[in-house]
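K.L.:
Sharing a structure below in structure tokens format, with a few things to ask.
The values are calculated or read from the model by the stated rules, or taken from the named source; none is laboratory data. Just so it is clear, the model here is predicted, and its values are computed rather than measured. Counting neighbours? That spans all protein chains shown, and the Cβs are built from the backbone with ideal geometry, glycine included. SASA here: full protein model, heavy atoms, side chains in, ligands and nucleic acids out. Shrake-Rupley method; radii C 1.70, N 1.55, O 1.52, S 1.80 Å.
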Amino acid sequence: MYRWIGWLTRPERVRLLGRILVWIPRPFLLTLFSLVAHLFARFGGSIRHRVKANMSAILGTQAPVQRLHRQYFYQVCLTLYELLFVSRHLPKWGHKHFCPTGEEHLQSALQLGKGAIIYAPHVGNFFFAYWYLSQRYPCLAVVTAQSEELRPLYLILRELGCEGVDYDETPPLQLLKQLRRQLAQNGVVFLLGDFSRPAFPTGHMFGRKTPLPRGAAALALDGKVPVIPFYCRRLRGFTHQLVFSAPLLLHEQYRKDQAAEAMEQLYSFLEETVRKVPEEWLYWFNVDERWTTEEHNPEEVS
């Protein structure tokens, strides 16, 4: 998947596609992307088989996997188009394409003066969701731009004024210090909690052990910071629904040394969200690489 994205995001190809797609009305674009998704689902080679197998393994054979994996490729096409060609217009008309639900939960959490952690999975166009949050709140995201193929997409957001700190390039203590400072100033920290690295401590998703970050619970317990479960989903076409849930006050349920236990509650939210909108979860193409039977106990907070 990353290789395909890298091939597509080369500057010369972006310029060529831009000259072509600008002449196609948006309703016809949706039809075009639907056709491309159908071709991927039929002739996508190993990635097509992998996405389908991972969906079957997690969602069960009773799920409409044939339809879902085709919709998955459709969502990927739409999101890449939005990032490469629509994002530049966000400052002008972007707010018209977002339908927030429950945003008052975030606003009430910030009234406590402890900042807030927005905790989300890689569902929907999470890039655009972060842009929306950055326009309305002092917001800092932890990004994972290690892949050269994905880096151009993160640079687009940076050019739009969205601040982020790269997990893979920032020393752990410096990262923790930046996030604590952001929260101490009653700011918002945007954490996508379902990315994985082999050295992460072990958590559970979909009934399997998998390396997952624990930073959200560590920050919440240390500073008594409310956690807002959040996800973005596509309503139709280029319109996105942003769903904010009621704040979780983890410090009222767990001690500071119980970050692992607190994280299991957050991992459950990630899993529930993926099952709710499975066609929009990014990681179907490689989630099988995560399953492990080993326990990890790294010294640093992840």
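K.L.:
Starting from region 178-198, keep only residues that are under 16 Å from Leu110 (Cβ atoms), then list their pairs with residues that are assigned to a loop (DSSP other than H, G, I, E, B) whose Cβ atoms are within a distance under 6 Å, requiring at least 6 positions of separation or different chains.
P.N.:
If the second residue must be assigned to a loop (DSSP other than H, G, I, E, B), the pairs left are Leu183/Gly115; Leu183/Val225; Asn186/Gly113; Asn186/Gly115; Gly187/Gly115; Gly187/Pro138; Val188/Tyr137.
K.L.:
Under the condition of being open to solvent by 40 Å² or more (accessible area, probe 1.4 Å) and either of a type in the set (Phe, Trp, Tyr) or outside any loop (DSSP other than H, G, I, E, B) (or both), which residue from region 125-146 is farthest from Val86 (Cα to Cα)?
P.N.:
Arg136
K.L.:
Scan Leu221, Leu249, Leu270, Leu235 and give me the residue that is surrounded by fewer than 21 Cβ atoms within 10 Å (Cβ to Cβ), closer than 27 Å to Ser87 by Cβ and either within 19 Å of the chain's Cα centre (by Cα) or modelled with pLDDT of 95 or more (or both).
P.N.:
Result: Leu235 is the single residue among Leu221, Leu249, Leu270, Leu235 that is surrounded by fewer than 21 Cβ atoms within 10 Å (Cβ to Cβ), closer than 27 Å to Ser87 by Cβ and either within 19 Å of the chain's Cα centre (by Cα) or modelled with pLDDT of 95 or more (or both).
K.L.:
With the requirement that a residue be more than 23 Å from Pro100 (Cα to Cα), more than 13 Å from the chain's Cα centre (by Cα) and of a type in the set (Gly, Ala, Ser), what does region 123-175 give you?
P.N.:
Result: Ser147, single match.
K.L.:
Right, next: Is there a residue being open to solvent by 40 Å² or more (accessible area, probe 1.4 Å), farther than 30 Å from Ala141 by Cα and in a helix (DSSP H, G or I) anywhere in region 1-17?
P.N.:
yes
K.L.:
Related question: Can you run down the residue pairs with Cβ atoms below 6 Å, 6 or more apart or on separate chains, where the first is in region 76-99 and open to solvent by 30 Å² or more (accessible area, probe 1.4 Å) and the partner is modelled with pLDDT of 85 or more and not in a helix (DSSP H, G or I)?
P.N.:
Sorted first by the residue in region 76-99, then by its partner, the pairs are His97/Phe238; His97/Thr239; Cys99/Gln241.
K.L.:
Only one of Ala120, Ala116 is more than 30 Å from Thr31 (Cα to Cα) and buried (at least 20 other Cβ atoms within 10 Å of the Cβ); which?
P.N.:
None of the others qualify; the one that does is Ala116.
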